[in-house]
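One structure is given below, encoded as structure tokens.
Any read-out appearing in this document is the output of simple, stated calculations on the displayed coordinates, not a laboratory observation. Note that the structure is a prediction, hence the values are computed from the model and not measured. Here Cβ is always computed from backbone atoms with ideal geometry, including for glycine, and neighbour counts include all displayed protein chains.
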Amino acid sequence: MPNHTLRIAAVTAALALVPAASAPAAGKTQTLRFFSKVDKLTLTHADGTVVDSPNAQPVPGDRLDVYASDFAGNHKHHAKEATASEHVVCSFGSAPEPDCTAHVAIGGSMLIFRGFPGTLIGGSGKYLGATGKVVSNKQIPGTNDSDVVAKIKLA
């Protein structure tokens with residue numbers, strides 16, 4: 001898989017958000033910062049064959065699953081334990097970039113992002129009705145990991 005395709009998929013995977021210590025009041029905007037560490041990438045062809053090579057070139061009909069753990073902070077200074085976990089699904093079609101959706105579990109709540117950079121399209125728990133987007137998403141050189149900043153406005 002070319003570096004830019006892996007980067008887009010991994011960066012999309014980095015859409016998990018780290019909540020503040022206490023939930024802000026409705027209508028407040030949270031600026032969230034985190035380090036997203038990719039745990040596993042799985043590329044599956046349309047016929048169900050799983051590709052073992054992390055450098056395999058995806059083709060239309062392929063699916064990339066990205067599993068990641070997210071830590072409050074950034075890659076240089078972050079919490080020792082993950083605050084959130086995520087699963088991103090990217091489908092490859094005729095467009096040059098994959099279509100990705102990220103499901104992010106944070107405590108008893110969930111965030112759902114789509115696209116690159118990610119736009120919040122749904123949520124549950126304290127994020128029900130929230131809006132927002134990723135405003136910065138920087139890949140850590142030599143990895144599929146990234147530092148992410150997002151702004152979320154609670155309903």
Residue-count net charge about LEU111 - beta-carbon cut-off 14 Å; Lys, Arg +1, Asp, Glu -1: +3
Other-chain or far-sequence residues with amide H under 5 Å of GLY115's (modelled H): CYS100
Residue-by-residue Karplus 3J(HN,Hα) for segment 85-97, coefficients 6.51, -1.76, 1.60, Hz, glycine and proline x: 9, 8, 9, 10, 10, 10, 10, 9, x, 7, 5, x, 10
Descending semi-axes in Å of segment 46-88, equivalent ellipsoid built from Cα gyration tensor: 31, 11, 8
Phi to ³J(HN,Hα) by Karplus 6.51 cos²θ - 1.76 cosθ + 1.60 over segment 58-70, Hz, x for Gly, Pro: x, 10, x, x, 6, 10, 10, 9, 10, 10, 9, 10, 10
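Multiply the residue gap between ASP39 and ASP65 by 0.36 nm, knock off their C-alpha separation, and tell me the result in nm, one decimal place.
8.3 nm
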Karplus (6.51, -1.76, 1.60) ³J(HN,Hα), θ = phi - 60°, over segment 113-125, in Hz, Gly and Pro reported as x: 10, 9, x, 9, x, x, 10, 5, 10, x, x, 9, x
Residues with amide H under 5 Å from that of ILE140, placed H, sequence gap 5 or more: ASP145, SER146, ASP147
Formal net charge of residues neighbouring ALA150 (Cβ-Cβ distance under 12 Å; K, R +1; D, E -1): +2
Distant-in-sequence amide H partners of LYS133 (H built 1.01 Å from N, under 5 Å): LEU120, LYS151
Within-10-Å neighbourhood charge of ALA102 [Cβ basis; K, R +1; D, E -1]: 0
Given LYS133/LYS153; LYS76/LYS133; LYS28/LYS151; LYS28/LYS80; LYS37/LYS126; LYS80/LYS153, the pairs whose alpha carbons are separated by over 19 Å: LYS76/LYS133; LYS28/LYS80; LYS37/LYS126; LYS80/LYS153
Nearest-0.05 FRET efficiency for ASN74 and LYS153, computed from C-beta distance (R0 25 Å): 0.65
